[in-house]
Amino acid sequence: MAKTPRLSREERYAILERDGFHCVNCGSGGKTSRVILEVDHIIPRSAGGSNHPNNLRTLCVICHDHRHYGAWTGRKVMFDEDFRRQREGEGE
Ligand SMILES: [Zn+2]
């Protein structure tokens, strides 16, 4: 069986748009936000997960990291608002 290919830019964008440019776990994001959003495979590609939209969801980079480093609990990740503001203020 062929390995699932990487998502194209168009496929990725379609998922972000479907999820309203918000992390489906913690709700951060939005068009005016600087939160980095990524598209996550619910069943990983390495485990044969497909690129079907049903297997894809939008996560912010923080929730995505939590998931991939084994800290994923399925619960909402609580943000320290000050920390987030500080992050958003970077790079100006
Ligand atoms: Zn998140």
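Values quoted throughout were computed directly from the atomic coordinates according to the rules given, and no laboratory measurement underlies them. Since the structure is predicted, the reported quantities are computational estimates derived from the model, not experimental observations. Because the Cβ atoms are built from the backbone with ideal geometry, glycine has one as well, and the counts that use them run over all protein chains shown.
Odds and ends about this structure:
- Put in order of Cβ neighbour count within 10 Å, fewest first, the listed residues 39, 61 become 61, 39.
- Where labels lie 7 Å past Cα in the beta-carbon direction, separation of residue 61 and residue 33 in nm: 1.4 nm
- Proximity of backbone amide H atoms, modeled 1.01 Å from N, is registered between residue 38 and 59, 60, 61 at under 5 Å, excluding neighbours fewer than 5 places apart on the same chain.
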